[in-house]
Amino acid sequence: MTTHFVGDTALLTGRSLRHITRSLDTIITTTIMPIAFLLLFVFVLGGAITSGSDSYIDYLLPGILVITVASGVSYTAYRLFLDLQSGIFERFHSMPIARSSALWAHVLTSLAAIAMSVVVVVLAALVMGFRSGAGVLAWLGVAGILGLFTLALTWLAVIPGLTATSVDGASAFSYPLILLPFISSAFVPTETMPGPVRAFAENQPVTAIVDAIRALLAQQPVGTDIWVALGWCLGLLLVAYGFAMLVYRRRFA
Amino acid sequence: MRNDAAIRVRGLEKSFDELHVLRGVDIDVDRGSIFALLGSNGAGKTTVVRILATLLKADAGTAEVHGFDVATQAGDVRESISLTGQFAAVDDVLTGRENLVLVARLRHLTGARAIAEQLLARFQLTDAADRKVSTYSGGMRRRLDISMSLIGDPPVVFLDEPTTGLDPEARLEVWQAVRDLAAGGTTVLLTTQYLDEAEQLADRIAILHGGRIIENGTLAELKRLLPPAKVEYVEKQPTLEDVFLRLVGRDATREDQP
């Protein structure tokens, strides 16, 4: 069963990566909204926002990266759904391959596609004036947090990918994920929010993730934020993976 | 464990929630023969194929393919079969050649590119080999689909409604491909809702209705079963096809008939 797992997964990942490199729609549509938000908040609304940071774009970017990941995983669900719909998933499953590699290929493709999108958004932010003196280690830390967050959301995306009955249904799950950063410290400091909203904002995963990334990029001590962020990501990953495998096994027992 | 039948099914049952689709299906398919499973939409043909292709677990009964039990020796079954589903399961974004190479590599064969080349030639796809499959016609997609199923020469091939949605000419092409397969010793189980398809291709025909095989025999045996009320629930193929094929310049009669 596991004898061919690595080879089969590599072949199938190569296949779905070609879908992304041949038509760059996925990368473009994934990055267009985060970049639009960057433009809107930096050049239109940003002047009126008191973030307590010298440069608003430096304050804003971590939240925009979270939005990039959230909009990227809707394509993960979409690609998986299309493979199920077209019957090609069943073709792979009826072949003598390591079966789970069909699913893992989608997970790895999701990580690669979102990594590309994040790089595009960071480059756009650099053009708009984002600057960071963070060293290699801090950047690796940022990549690590975002990678873990992407993996968690990817497994979350596998669930609608496997269960949806329409294309819209497969990708709609990500809308709340995209909105979640708005009720967090991503755009404005939570101190200005009224009691209950502030309580929610300060205790939801995006705030911890955003604060940790922001501290790393600003070369400030990350404090406990990074552990809270990693805790959220790991917890979400375990729960999402568990549910996704449950759905997968039920469907392809 | 091995026996003479390429496919041997006994008392197969399967329900989806309240719906009792299969209520005890028995099938024997001889090696190297073409076996047609005939039935109207929703009769459970695809369910049978999915169980035989190890994609679905039966609730009761046994099924052996190429001497291997589909439930306990699924891996061996998958080595012995290939499945062409109802909808051409090809990758639209890849080229025809890349689709074939991918499947050959997934089957862990050496010389994947040469295998792809041979199949492209055999199914008249060489000219379109490096085009994206999304530009292919329905018939070309189906030919590619079937050629992908032949990689690694599996001894048993399942074709689930191989000609549904095809125009008459493409249908004849698929029929010829199926005949060639059986001539080469491959066992073919095909499902169809078209009477004439079963008539043209199959050595034996089984009619699946109400979750059971209600008739099973050669065409000659089935024809002896009068009154024709026996087959009334199968859709009739319009004879307009003959007219159409004559008009567009193809002969609808079988090539092996005088």
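The values are calculated or read from the model by the stated rules, or taken from the named source; none is laboratory data. Since the model is a prediction, treat every value here as computed from it, not as a measurement. Virtual Cβ from ideal backbone geometry, glycine too; neighbours counted across all protein chains shown.
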Practice task
Look at the stretch B:153-183 and say how many of its residues are under 13 Å from residue A:91 (Cβ atoms) and in contact with an Asp or Glu (Cβ under 9 Å, 6 or more places away or on another chain).
Solution key: 1
Completion exercise
Note: among B:129, B:89, B:104, just one is more than 9 Å from chain A (Cβ to nearest Cβ), within 15 Å of residue A:15 (Cβ to Cβ), of a type in the set (A, V, I, L, M, F, W, C) and buried (at least 16 other Cβ atoms within 10 Å of the Cβ), namely B:104
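Looking at the stretch A:223-250 only, could you name the residues that are over 30 Å from residue B:57 (Cα atoms), crowded, with 19+ Cβ neighbours inside 10 Å and touching a residue at least 60 places away in the same chain (Cβ under 8 Å)? Lay out the reasoning, then the answer.
Keep residues of the stretch A:223-250 that are over 30 Å from residue B:57 (Cα atoms), which gives A:223-236.
Next cut, crowded, with 19+ Cβ neighbours inside 10 Å only: A:225-226, A:229, A:232-233.
If the condition is that a residue be over 30 Å from residue B:57 (Cα atoms), crowded, with 19+ Cβ neighbours inside 10 Å and touching a residue at least 60 places away in the same chain (Cβ under 8 Å), then A:226, A:229, A:233 are the ones that fit.
Among the residues of the stretch A:52-61 satisfying the criterion of being within 24 Å of the chain's Cα centre (by Cα) and farther than 11 Å from residue A:125 by Cβ, which is modelled with the highest pLDDT?
So the first thing to find is which residues in the stretch A:52-61 are within 24 Å of the chain's Cα centre (by Cα), and the list is A:56-61.
So of that shortlist, the ones also farther than 11 Å from residue A:125 by Cβ come out as A:56, A:59.
Values: A:56: 84, A:59: 87.
Per the stated criteria, the residue is A:59.
Conditions tested, residue by residue: (1) crowded, with 21+ Cβ neighbours inside 10 Å; (2) more than 19 Å from residue A:103 (Cβ to Cβ).
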position: A:155; (1), (2): yes, no
position: A:182; (1), (2): no, yes
position: A:191; (1), (2): no, yes
position: A:217; (1), (2): yes, yes
Completion exercise
By residue number, the members of the stretch B:113-130 that are among the charged types (D, E, K, R) and in contact with a Ser or Thr (Cβ under 6 Å, 6 or more places away or on another chain) are B:130
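Taking the options A:101, A:71, A:86, A:23, name whichever one is of a type in the set (Gly, Ala, Ser), within 11 Å of chain B (Cβ to nearest Cβ) and buried (at least 20 other Cβ atoms within 10 Å of the Cβ).
Details: A:71 fails: within 11 Å of chain B (Cβ to nearest Cβ); A:86 fails: buried (at least 20 other Cβ atoms within 10 Å of the Cβ); A:23 fails: buried (at least 20 other Cβ atoms within 10 Å of the Cβ).
Among A:101, A:71, A:86, A:23, only A:101 is of a type in the set (Gly, Ala, Ser), within 11 Å of chain B (Cβ to nearest Cβ) and buried (at least 20 other Cβ atoms within 10 Å of the Cβ).
Restricting the stretch B:52-65 to residues that are over 16 Å from the mean Cα position of the chain (by Cα) and facing chain A (nearest Cβ under 9 Å), which is farthest from residue B:142 (Cα to Cα)? Walk me through how you get there before you give the answer.
First pass over the stretch B:52-65, keeping only residues over 16 Å from the mean Cα position of the chain (by Cα): B:56-64.
Retained after the next criterion (residues that are facing chain A (nearest Cβ under 9 Å)): B:56-57.
Values: B:56: 24, B:57: 27 Å.
Step by step, filter the stretch B:52-65, then rank; the result is B:57.
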Problem - Enumeration of residues in the stretch A:57-93 that are over 30 Å from residue B:142 (Cβ atoms), touching a Ser or Thr at 6+ places or on another chain (Cβ under 6 Å) and not aliphatic (A, V, I, L, M) - result: A:59, A:68, A:71, A:72, A:74
Practice task
Those residues that are in contact with a helix residue (DSSP H, G or I) (Cβ under 7 Å, 6 or more places away or on another chain), outside any loop (DSSP other than H, G, I, E, B) and among the polar types (S, T, N, Q), I need them from the stretch A:185-203; list them, please.
Solution key: A:190
Exercise for the section: Sort out which residues of the stretch B:84-106 are under 20 Å from the mean Cα position of the chain (by Cα) and not in a helix (DSSP H, G or I), and write them in order of number. Expected result: B:84, B:85, B:86, B:87, B:88, B:89, B:90, B:91
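Go through the stretch A:240-253 and report how many residues are part of a helix (DSSP H, G or I) and either farther than 30 Å from residue A:102 by Cβ or within 14 Å of chain B (Cβ to nearest Cβ) (or both). Even if it seems obvious, please write down each step before you answer.
Keep residues of the stretch A:240-253 that are part of a helix (DSSP H, G or I), which gives A:240-251.
Subsequent filtering for residues that are either farther than 30 Å from residue A:102 by Cβ or within 14 Å of chain B (Cβ to nearest Cβ) (or both) retains A:248-251.
Total satisfying the criteria: 4.
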Fill in the blank from the handout: With criteria (1) within 14 Å of another protein chain (Cβ to nearest Cβ); (2) surrounded by fewer than 24 Cβ atoms within 10 Å (Cβ to Cβ), residue A:94 comes up short on (2)
Practice task
Residues being among the hydrophobic types (A, V, I, L, M, F, W, C) and surrounded by fewer than 22 Cβ atoms within 10 Å (Cβ to Cβ): count how many of those fall in the stretch A:203-215.
Solution key: 1
Fill in the blank from the handout: Note on the stretch B:21-47: residues assigned to a strand (DSSP E or B), in contact with a Gly (Cβ under 6 Å, 6 or more places away or on another chain) and not charged (D, E, K, R) are B:21, B:22, B:24
Practice task
Would you confirm whether any residue within the stretch A:3-18 is away from every other protein chain (no Cβ under 14 Å) and at negative phi?
Solution key: no
Fill in the blank from the handout: Scanning the stretch A:204-239 for residues that are within 28 Å of residue A:39 (Cα to Cα) and not in a helix (DSSP H, G or I), the one modelled with the lowest pLDDT turns out to be A:222
Exercise for the section: Would you be able to say whether some residue in the stretch A:90-103 is more than 30 Å from residue B:156 (Cα to Cα), more than 13 Å from the chain's Cα centre (by Cα) and in contact (Cβ under 8 Å) with a residue 12 or more places away in the chain? Expected result: no
Practice task
May I ask you to list pairs of residues, at least six apart or on different chains, whose Cβ atoms are under 8 Å apart, with the first in the stretch A:180-203 being farther than 20 Å from residue A:68 by Cα and the second being of a type in the set (S, T, N, Q) and in a helix (DSSP H, G or I)?
Solution key: A:190/A:207; A:198/A:190; A:202/A:190
Handout entry: Search result, residues across the stretch A:12-36 that are free of Cβ contacts under 8 Å to residues at least 40 places away in the same chain and either hydrophobic (A, V, I, L, M, F, W, C) or assigned to a loop (DSSP other than H, G, I, E, B) (or both)
Key = A:23, A:24, A:28, A:32, A:36
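When you look at residue A:64, is it touching a residue at least 24 places away in the same chain (Cβ under 8 Å), over 22 Å from the mean Cα position of the chain (by Cα) and more than 14 Å from every other protein chain (Cβ to nearest Cβ), yes or no? Outline the logic, then answer.
Details: touching a residue at least 24 places away in the same chain (Cβ under 8 Å): yes; over 22 Å from the mean Cα position of the chain (by Cα): no; more than 14 Å from every other protein chain (Cβ to nearest Cβ): yes.
Considered against the rule, which asks whether it is touching a residue at least 24 places away in the same chain (Cβ under 8 Å), over 22 Å from the mean Cα position of the chain (by Cα) and more than 14 Å from every other protein chain (Cβ to nearest Cβ), residue A:64 comes out as no.
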Fill in the blank from the handout: Per the list (1) of a type outside the set (S, T, N, Q); (2) surrounded by 24 or more Cβ atoms within 10 Å (Cβ to Cβ); (3) over 13 Å from the mean Cα position of the chain (by Cα); (4) within 14 Å of chain A (Cβ to nearest Cβ), residue check on residue B:68 breaks on (2)
